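The values are calculated or read from the model by the stated rules, or taken from the named source; none is laboratory data. Keep in mind the model is a prediction, meaning the values are calculated, not measured. Methodologically, a virtual Cβ is constructed for each residue, glycine included, from the backbone with ideal geometry; neighbour enumeration extends over all protein chains shown. Heavy atoms of the whole protein, side chains included, go into the accessibility calculation; ligands, DNA and RNA do not. Shrake-Rupley method; radii C 1.70, N 1.55, O 1.52, S 1.80 Å.
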Amino acid sequence: THLSKLLNAKGYGFSTQTERELVNKVKETLCYVRGDPSDETMTGDGFYLPDGQYIPLEAERHQCAEALFDFSVIGPEHVPKTKVFGDNGEEFVPSFAKGISWLAYSAVNNAEASLRGQLYNNIVLAGGTTLLPGMRERMQREVTQLYREMHPGEGLIPISIADMASRQHASWLGGCMLSLIAMFPYLTVTREEYQENGAGIVHCKSL
């Protein structure tokens, strides 16, 4: 995890699977998302390794989450390549770094125009990392800001970020629900189809 890398840079190493799992648990319980990335306010905390060593956490509590909102933090190769174009055909360049908020915004804007309003109002967070305090509020603020920057002369449409309580299991729950529909057998790829057509068969049957 990014938290492990931040702590590695301070000289702390996590060599065992138990220690790595502990760091991931610490990320989910002690780290948070800042509402304003320029806010310098910090609150310290820490945790103990199984051997009794105490690991203090200061700026790392929010720095590890910043990688979600600025992918360049973990490497320029991770910056999204997706582009968004305005009605005049010019590429829209946001005023802040591209991260998870940009992925949601660009996905909606690259959908059919007739669907965008509904999609903006139904952005759903999924995955364990989205449990970090402040996640929904930061995404709400950034997606709204992206819309205002791209449409400065228009009124703001409803934008809703949903963070259901069981979102750490959302992918699994969604897969379970999908497997129950009558069409599911026609969406799956058999071993024979994969061997005959390769990975491209996924784009023909499942997307």
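A compact table of results
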| quantity | calculated |
| --- | --- |
| Helices (runs of 4 or more DSSP H) contained entirely in the range 13-110, each with at least 2 residues that are touching a residue at least 60 places away in the same chain (Cβ under 8 Å) | 17-30, 60-69 |
| Enumerated helices (runs of 4 or more DSSP H) restricted to the range 164-204, each holding at least 1 residues that are open to solvent by less than 100 Å² (accessible area, probe 1.4 Å) and over 27 Å from ASN122 (Cβ atoms) | 184-187, 191-197 |
| Complete set of residues in the range 44-89 that are among the small types (Gly, Ala, Ser), surrounded by 12 or more Cβ atoms within 10 Å (Cβ to Cβ) and closer than 13 Å to TYR32 by Cβ | ALA59, ALA65 |
| Boolean, LEU103 is within 11 Å of the chain's Cα centre (by Cα) and open to solvent by less than 40 Å² (accessible area, probe 1.4 Å) | no |
| Positions within the range 136-163 being more than 15 Å from ASN122 (Cβ to Cβ), open to solvent by less than 70 Å² (accessible area, probe 1.4 Å) and not in a helix (DSSP H, G or I), in sequence order | HIS151, GLY155 |
